[in-house]
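For reference, the structure discussed in these notes is given below.
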Amino acid sequence: MKIAFIVKYFPVLSETFILNQITGLISRGHKVDIYSYPTDDIDKVHPDVEKYDLLKHTHYYPHVPENYLWRFIKGLELVFRHFLKAPLVLMRSLNIFKYGKRAASLRLLYAIVPLLNTEAYDIIHCQFGMYGIDGMIYRDIGAIKGKLITSFRGYDISSYVKERGKDVYKELFAKGDFFLANCEFFRQRAIKLGCDEKKIVVHGSGIDCNKFTFKTRYPHPDGKIRIATTGRLVEKKGIEYSIRAVAKLANIHPIEYNIIGDGYLKEHLQQLIEELSVTKQVNLLGWKNQKEIIEILDKTHLFIAPSVTAEDGNQDAPVNTLKEAMAMGLPVIGTLHGGIPELVKDGISGFLVPERDVDAISEKLSYFIQHPEIWEKMGSSGRAYVEKHYDINKLNDELVEIYELVAKNNSQQTSDRNRFASYRNSTSWYSRINRT
């Protein structure tokens, strides 16, 4: 199959879930093209970007000048340069009556340039709902052809909806061919927003379990308990609360807490660490590549994922960093938040606590520290669960099956959607996901 991925930026170190799908499809013999805005953050990239030579498969949208006069001049240049390729498509991109600000700002014109004269795709896979809207418009004006699939992954189905209104995906739900949600929590939310339940299934974000070696965790002879969190330093990751929880125990137990990631809250969190007098126990390590993360987790005893619902409504699915830690045998602490309870089974692979509950996090950490005999069983349970439900090889096989079923469904009429639903209900991936 020939597949187009529409994303915001590529490559992005924190979005291995997208990278894993792309490389999995290429490994299975499919052709993948990536359409995105260029990213300046290429100091650290996943090794698979080079291994699969993905930048050669990536088509970047032209830079849109902030100065409107210069944007207009460059826009005219784009029209003259590419007019003979697809004159009607270029003219449609300027239809301000239908596409409003997208057309008036010339952003739609700039965005379709890499798509001109491309062959038809079997599947156009848009990562995140807002880029599903983009893909829908690109297809409407004839810049790209193929069946449109959109994945909902988190902020696109939470804070973005709160910001833009509950009807933001109304047209996409009507015109899109199929939809994926990375957890049941977000699938149900999409249905409540108007998505046909026959057109959306859960397809989780996977990890390559073979890259995360399981190791039974035991206390270190030096007595120090090493704890880790991996995630962007943003509000919804809730890292402030895990820092406060660790600080409550810092004078009771020898603790080292390593936080892997970066973001706009870095200075705030560093200031908090200093205010709580835990600079010797808590470390902000910044971004690390996958190899470096594995090295840190290999020396770690416990993992915390303290996600919270942000003020703007942003929420998490079952995050991949949590899956990676569980795959390596780490007992975990997560929150009763978004899709995380679909991943962490309370009392089996770890503990779940309420959002923003510092005392609860501290209490569970203290229990783990005092009862290291439970680490092995919880770590083994976590590894088994991730292998069964989130192994990227199984999920990529399922993704190909989904693509094939969508590609075969040649009509959007109700009868055809019902026939597709019968295919879906009979497939192993759908049955397995819905038994979870």
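Structure data summary
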{"item": "Residue within segment 213-236 that is of a type outside the set (Phe, Trp, Tyr), assigned by TED's automatic domain parsing to the domain that holds Met326, assigned to a helix (DSSP H, G or I) and closer than 20 Å to Ala317 by Cβ present", "result": "yes"}
{"item": "Any hit, segment 322-332, residues being farther than 15 Å from Gly379 by Cβ and charged (D, E, K, R)", "result": "no"}
{"item": "Hits in segment 328-343 (condition: under 24 Å from Pro219 (Cβ atoms) and either surrounded by fewer than 24 Cβ atoms within 10 Å (Cβ to Cβ) or over 18 Å from the mean Cα position of the chain (by Cα) (or both))", "result": "Met328, Gly329, Leu330, Pro331, Val332, Ile333"}
{"item": "Restricting segment 228-272 to residues that are farther than 23 Å from Gly338 by Cα and surrounded by 21 or more Cβ atoms within 10 Å (Cβ to Cβ), the residue that is nearest to the chain's Cα centre (by Cα)", "result": "Tyr257"}
{"item": "Extreme residue, nearest to Pro331 (Cα to Cα), among residues of segment 380-396 that are free of Cβ contacts under 8 Å to residues at least 60 places away in the same chain and surrounded by fewer than 21 Cβ atoms within 10 Å (Cβ to Cβ)", "result": "Ser381"}
{"item": "Residue that is modelled with pLDDT of 95 or more, closer than 17 Å to Arg189 by Cβ and not charged (D, E, K, R), where the choices are Gly132, Gly154, Gly146", "result": "Gly132"}
{"item": "Hey, Val89 touching a residue at least 12 places away in the same chain (Cβ under 8 Å), surrounded by 15 or more Cβ atoms within 10 Å (Cβ to Cβ), of a type in the set (Val, Ile, Thr) and not in a loop (DSSP other than H, G, I, E, B) or not", "result": "yes"}
{"item": "Residue match in segment 30-38 (condition: surrounded by fewer than 16 Cβ atoms within 10 Å (Cβ to Cβ), without any contact (Cβ under 8 Å) to a residue 40 or more places away in the chain and polar (S, T, N, Q))", "result": "no"}
{"item": "Top-ranked residue of segment 309-321 - restricted to ones that are touching a Phe, Trp or Tyr at 6+ places or on another chain (Cβ under 7 Å) and over 12 Å from Tyr160 (Cβ atoms), ranked as surrounded by the fewest Cβ atoms within 10 Å (Cβ to Cβ)", "result": "Asn320"}
{"item": "Ile392 vs. criteria at pLDDT 50 or above, more than 20 Å from Ala174 (Cα to Cα) and of a type in the set (Val, Ile, Thr)", "result": "yes"}
{"item": "So Lys198, is it closer than 30 Å to Ile149 by Cβ, out of contact with any strand residue (DSSP E or B) (no Cβ under 7 Å at 6 or more places or on another chain) and surrounded by 15 or more Cβ atoms within 10 Å (Cβ to Cβ)", "result": "yes"}
{"item": "Residues of segment 30-79 satisfying the condition of being of a type in the set (Phe, Trp, Tyr) and farther than 30 Å from Asp122 by Cα", "result": "Tyr68, Trp70, Phe72"}
{"item": "Residue match in segment 360-369 (condition: on the phi < 0 side of the Ramachandran plot, at pLDDT 95 or above, assigned to a helix (DSSP H, G or I) and touching a Gly at 6+ places or on another chain (Cβ under 8 Å))", "result": "no"}
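The rows are residues; the columns are (1) in a helix (DSSP H, G or I); (2) under 25 Å from Asp177 (Cα atoms); (3) over 24 Å from the mean Cα position of the chain (by Cα).
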| site | (1), (2), (3) |
| --- | --- |
| Leu76 | yes, no, yes |
| Leu94 | no, no, yes |
| Arg102 | yes, yes, yes |
| Val113 | yes, yes, yes |
| Tyr121 | no, yes, no |
| Ile124 | no, yes, no |
| Met130 | yes, yes, no |
| Ile133 | yes, yes, no |
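The values are calculated or read from the model by the stated rules, or taken from the named source; none is laboratory data. As the structure is a computational prediction, the values presented were derived from the model and not from experiment. Neighbour counts are summed over all protein chains in view; Cβ atoms, including those assigned to glycine, are modelled from backbone coordinates with ideal geometry.
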